Amino acid sequence: MDKFIIRPAREADFSAISTLVRSTKINPTGLKWQRFIIAESSVGKMISCGQIKTHLDGSAEIASIAVQPEDRGQGMARVIIEKLMLNASRPLYLMCRFELGKLYEKFGFYAIQTKDMPPYFRRISCLASLVDLLAREGTTLLVMRCD
Ligand SMILES: CC(C)(COP(=O)(O)OP(=O)(O)OC[C@H]1O[C@@H](n2cnc3c(N)ncnc32)[C@H](O)[C@@H]1OP(=O)(O)O)[C@@H](O)C(=O)NCCC(=O)NCCS
């Protein structure tokens, strides 16, 4: 990867963030640009993004991790995840498709059972519509925690 910077998102980045997130199969809700950081190339292209969401039950979630398709496999998710984790409180939670568990294990996350989830994650992980959707795609949802 050529030169890039990591910086807090600005309002003008919202369109690029939304386009990238919506082009993937990740949760498109709660895209508040104020919570995001982005990696930006030397020519001003948004390469990758991510955010920390705080839920009403007080739990914090690392979310919306996404990298432009042409920039994947070059550590551009890693730089966003590491930067977000540097400033985040613990425990930190996330939700991902089962097959991405290996990615997040590299950062100290481990899968947790329903009984150990904060209320927000318990509620989402039990949503029948989401469970059905993932099942149709041949996968399941993982909720992970980092202490
Ligand atoms: C998943 C995604 C964010 C990975 O981005 P990336 O820039 O290719 O990832 P990186 O190059 O930073 O990889 C970081 C580490 O995770 C590993 N990794 C990357 N993708 C992986 C995958 N699909 N499964 C398992 N491990 C993976 C890499 O091997 C790398 O390990 P290393 O640092 O020990 O070599 C990217 O493919 C993407 O945007 N996908 C669509 C959106 C999405 O699914 N986001 C995840 C939401 S939970």
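Each value in this text was obtained by applying a stated rule to the coordinates, not by laboratory testing. All values derive from a computational prediction rather than experimental measurement. A quick note on method: Cβ atoms are made from the backbone with ideal geometry, for glycine too, and the neighbour counts reach across all protein chains shown.
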- With criteria (1) buried (at least 17 other Cβ atoms within 10 Å of the Cβ); (2) within 15 Å of the ligand (Cβ to nearest atom); (3) not basic (Lys, Arg), Pro118 comes up short on (2)
- In this structure, is Leu142 within 10 Å of the ligand (Cβ to nearest atom), aliphatic (A, V, I, L, M), part of a helix (DSSP H, G or I) and free of Cβ contacts under 8 Å to residues at least 60 places away in the same chain? no
- Scan segment 75-98 and give yes if some residue there is touching a residue at least 40 places away in the same chain (Cβ under 8 Å), under 13 Å from the mean Cα position of the chain (by Cα), near the ligand (Cβ under 9 Å from one of its atoms) and surrounded by fewer than 16 Cβ atoms within 10 Å (Cβ to Cβ), otherwise no. yes
- How many residues, within segment 32-51, are surrounded by fewer than 19 Cβ atoms within 10 Å (Cβ to Cβ) and either within 14 Å of the ligand (Cβ to nearest atom) or hydrophobic (A, V, I, L, M, F, W, C) (or both)? 2
- Message: For Leu127, only one of the following conditions fails: (1) more than 29 Å from Pro8 (Cα to Cα); (2) in contact (Cβ under 8 Å) with a residue 24 or more places away in the chain; (3) not hydroxyl-bearing (Ser, Thr, Tyr). What is its number?
- Response: (2)
- Message: If I filter segment 118-127 for residues that are under 20 Å from Phe36 (Cβ atoms) and assigned to a strand (DSSP E or B), do I get at least one hit?
- Response: no
- Before we move on, is Ala60 surrounded by 15 or more Cβ atoms within 10 Å (Cβ to Cβ) and within 12 Å of the chain's Cα centre (by Cα)? yes
